Amino acid sequence: MAAYSIVRVDVHDAEAYQRYAELAGKAAAQFGAEFLARGGKTLVKEGEARARNVIVKFKDLDTAEAFYNSPTYQEALTHGLPASTREYIIVEGV
């Protein structure tokens with residue numbers, strides 16, 4: 001069953017976040033990730049919004065978790081976390 005990472009982000013340091021994006025992209029490619037949404041226009045109907053929203057599809061929950069825990073993605077987070085306020089969840093889906 002596929003799994004989806006849903007990431008909501010407000011970026012505070014664009015330069016540092018760019019380094020995160022480069023490394024995260026490399027890690028995503030290693031795990032066969034497919035970006036379904038990547039910062040496009042957002043319509044907020046309920047709750048609070050973030051400036052950037054990303055949805056990434058993985059083969060399954062184990063692959064999504066392996067991506068998140070991979071050395072490449074963990075290195076990316078050393079740049080991304082201090083440069084942003086964000087939520088990251090993984091949801092099993094269809």
Lys, Arg +1 and Asp, Glu -1 on Cβ, resulting dipole of the range 1-56 about Cα centre, debye, nearest 20: 140
List every DSSP H helix in the chain whose Cα atoms extend 20 Å or more along the helix's own long axis and whose mean Kyte-Doolittle hydropathy is at least -1.0. 14-30
Under 17 Å between alpha carbons, and skipping anything fewer than 8 positions from Lys59 in its own chain: which aspartates and glutamates qualify? Glu34, Glu92
Percent relative contact order of the chain, based on C-alpha pairs within less than 8 angstrom and at least six residues apart? 55
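Quick one: putting +1 on the C-beta of Lys and Arg, -1 on the C-beta of Asp and Glu, what dipole do you get for the chain around its Cα centre, in Debye to the nearest 20?
On the way: 11 positive and 13 negative charges, 65 e Å.
The dipole of the chain has a size of about 320 debye.
For the chain, just say rounded, prolate or oblate: build the C-alpha gyration tensor, square-root its eigenvalues into a ≥ b ≥ c, call rounded for a/c under 1.5, and beyond that prolate if a/b exceeds b/c, oblate if not. Show your work: numbers first, answer last.
Values: a/c = 1.95, a/b = 1.09, b/c = 1.80.
Taking the square roots of the gyration eigenvalues as a ≥ b ≥ c, the chain is oblate.
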Projected onto the charge dipole of the chain (unit charges on the beta-carbon of Lys, Arg, Asp and Glu, signs +1, +1, -1, -1), the Cα from Leu43, Leu77, Tyr4 with the largest positive-side position is that of Leu43
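None of the figures in this text is laboratory data; all of them are computed from the coordinates on show. Here the structure is a predicted model, which is why all the values come from computation and not from measurement. Cβ coordinates were reconstructed from backbone atoms using ideal geometry, including for glycine residues, and neighbour counts include every protein chain displayed.
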